[in-house]
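Chemist: One structure coming up, written as structure tokens, with questions to follow.
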Amino acid sequence: MKYDLKQATSIGLFFVIFTSISSFSISFSSNYILIKYGLIIGILSLIGVFIGIKYKNMIKLELYRKYILYFYIILLILMSYKINNFY
């Protein structure tokens, strides 16, 4: 695709904010979540977005691509491990 990777990441992280807020409000209104844990997850999510956007601008594009690739590989391994241990 012809999108700038860093700009696409910023947009994705921006939408994390709204997803976190809407998920928390829907879950809380349906009594599926405890306020304490919901706020902890929401605040940490916002901090993660801030840190992600801040550090992404400090890293060269090629190094950033490698970090994203390694992150996705680790995430895939962890998810596969969790799924295999779940069943």
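Bear in mind that the values in this text are calculations on the coordinates, not laboratory data. All of these numbers come straight from a predicted model, not from anything done at the bench.
Chemist: For the chain, take the longest principal axis of its alpha carbons; what is the angle in degrees between that and the long axis of helix 35-56, to the nearest 10 within 0 to 90?
Modeler: 10
Chemist: If you don't mind, there's one more thing I want to ask. So I have (1) 46, 18, 13; (2) 27, 20, 11; (3) 48, 11, 6, and one of them is semi-axes √(5λ) of the Cα gyration tensor in Å calculated from this model. Which one is it?
Modeler: Answer by label: (2).
Chemist: For segment 1-56, what is the relative contact order in percent, using Cα pairs closer than 8 Å and at least 6 residues apart in sequence?
Modeler: Over segment 1-56, the number comes to 47 percent.
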